[in-house]
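Every read-out reported here was derived from the displayed coordinates using simple, explicitly stated rules and does not represent laboratory data. Predicted, not measured: the structure shown is a model, and the values here were computed from it. Cβ placement follows ideal geometry from the backbone for every residue including glycine, while neighbour counts extend to all protein chains displayed.
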Amino acid sequence: MSHGSRVLESCGSVTESDLVPFPVDPARFGYTASEGLSMRRTGIKIGRVFGIPIYVHLSWFLIFALITYSLGDEFGVRYPQWTSRQLWSLGLLTSVLFFGSVLFHELSHSIVARHYRIPVASITLFFFGGIARITRDPDRAGQEFLIAAAGPASSYLLTGAFGILAVSTPNGSMLNALTTWLAWTNLGLATFNLLPGFPLDGGRIFRSIIWGITKNYSRSTRIAARIGQAIAYGMMALGAYWAFVAHSSVNGIWFIFLGWFLLTAARQSYSQIATQGALQGLRAADVMTSEMPTVGRDLSLEEYAREASRTGRRAHLVVSDGRLLGLMRIEALQAVPRQDWPSTSVQAAMISREQLPWTAPEEPVLSVLERMRSANVDQLAVITGDSVVGLVTRDSILRVVETRSELGHVTGS
């Protein structure tokens, strides 16, 4: 594996942030502010670090195996005197420490975010590296600058630490091979992430600078996202050159794919700003639906499943004698074993009224959206006094965004 390949494989700070709040969940570079309606925690939870849940996505196992195999092969070419056991043991250990470096990178984002009282929902390791999922964007440009810069700074710190170990160990030793590879890889990780294209860490740093100068968050995001798209096209062009002219197909295809990935993320970051603009000034009462499907509490889950299948609705209010008892969702139905549906009532599986997430009619839609994401729900009941007057759903918000976007040239919004 060439040094160029090592740099490509080290671009592990891919993150998932600034999503258009509708069903697309691409990963991103750096950390992520959880803006997406469709965002979900995925993967296998392997523990906590500083109270932050750490997940491993299933795609991680594939890239872990590929990197381990590539390292074993590379070390075998460079050090033919080593045994197969030494080669694969070192390849495995190097892969573990590489992803430990990615985790350290994401933890650095997370620790600085928590310093500014921005909660961190989770960190996930996956095919492209890592996602640090913070629950909201920073309040000020200076905060974003430090949160974004923390990741590359931590990778440069690891570069120095591994570099010192590399020069302090004999050439040809296993420790020297391991630390040399990790030093170069962390250098590539940090440097790549400092490219000034949003949503790379460098793009976030660039946005924070523009934000600080203009005092305009939306404008700075649009500028940074456009530069991110330009960098993505450049990466794809370079990848095409490598693949079809320089005959370096592996690096070329990887760069094309990485560029496409960054392009998707940058476009959605740009679209997110348009979405926020479409929702600006709206209240829950403006987007709620007053048509509230209800079911009785004694209905069996078997009967409820038929009703949900017939209407296509994913949630129903559970009532008895005109009183609200709770909310029944498809997710709650699916949590009950299918063989138990005929003998289980809706009331036994519903979210009780006391636990029901709700909003007031006057709450801003952007705030409602954030709470829906934090609670991982598809709808919120709109309550005035003791009465439910409507439901805010992801679909109802989507319809408003689409309509306002289509009519923007008419309304001037």
Inter-centroid distance (Cα atoms) of segment 61-127 relative to segment 372-403, Å: 41 Å
Viscosity 0.692 mPa s, temperature 37 °C: Stokes-Einstein D of the chain from its Kirkwood Cα radius, in µm² per second? 139 µm²/s
Count the DSSP beta bridges whose two residues both fall in the chain, then state the antiparallel fraction as a percent rounded to the nearest 5. 70 percent
In the chain, which helices (entire DSSP H runs) extend 24 Å or more along their own long axis, judged by Cα positions, while averaging at least -0.5 on the Kyte-Doolittle scale? 58-78, 84-115, 141-167, 174-193, 217-244, 249-279
Report the one residue of 224, 289, 277 whose Cα lies farthest in the direction of the positive end of the charge dipole of segment 190-326 (charges on C-beta: Lys and Arg +1, Asp and Glu -1; origin at the Cα centre). 224
Quick one: 175, 194, fewest Cβ neighbours within 10 Å first, how do they rank? 175, 194
Among 349, 335, 149, residue whose mean-square fluctuation peaks in a GNM of the chain (springs only between Cα atoms under 10 Å): 335
Taking a crude spin-label model, label points 7 Å out from Cα along the C-beta direction, the residue 157 to residue 339 distance in nm is 5.3 nm
Relative exposure of 109, 247, 316, 115, judged by other C-beta atoms within 10 Å (fewest first): 247, 115, 316, 109
When only C-alpha pairs under 8 Å and at least 6 residues apart count, what is the relative contact order of segment 257-328, in percent? 23 percent
In a Gaussian network model over the chain where Cα atoms closer than 10 Å are linked, find which of 207, 226, 323 has the largest mean-square fluctuation. 323
Per the C-alpha gyration tensor (a ≥ b ≥ c, the square roots of its eigenvalues), segment 284-411 is rounded if a/c is under 1.5, else prolate if a/b beats b/c, else oblate; here it's prolate
How high is the relative contact order of segment 196-326, in percent, counting Cα pairs under 8 Å that sit 6 or more residues apart? 18 percent
Beyond 15 Å, the calculated P(r) of segment 207-278 holds a percent of Cα-Cα pairs equal to 58 percent
If 383, 134, 227 are placed from fewest to most neighbouring beta carbons inside 10 Å, the sequence is 383, 227, 134
If I build a Gaussian network model for the chain, linking alpha-carbon pairs within less than 10 angstrom, which residue out of 320, 271, 122 has the largest mean-square fluctuation? 320
Pull up the DSSP beta bridges for segment 255-413 and report the antiparallel fraction as a percent, rounded to 5. 75 percent
Report the Cα centroid-to-centroid distance between segment 297-311 and segment 213-284 in angstrom, as an integer. 44 Å
Give, rounded to the nearest 20 debye, the magnitude of the charge dipole that the chain has about its Cα centre when Lys and Arg contribute +1 at Cβ and Asp and Glu contribute -1 at Cβ. 620 debye
Options 328, 200, 130, ranked by Cα towards positive dipole end of the chain, top entry (Cβ charges): 200
Which value at 222 nm does the chain reach when only helices count, each DSSP H run of 4 or more adding -39,500 (n - 2.57), with the total divided by all residues and rounded to the nearest 500 deg cm²/dmol? -18500 deg cm²/dmol
Proximal charge balance of residue 351 [Cβ under 14 Å; K/R count +1, D/E count -1]: +1
With each pseudo-label sitting 7 Å past Cα toward Cβ, what's the residue 280-residue 116 distance in nm, one decimal? 2.0 nm
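Pairs of alpha-carbon atoms within less than 8 angstrom and 6+ residues apart define the contacts here; what relative contact order does segment 284-411 have, in percent?
After rounding, I find 30 percent.
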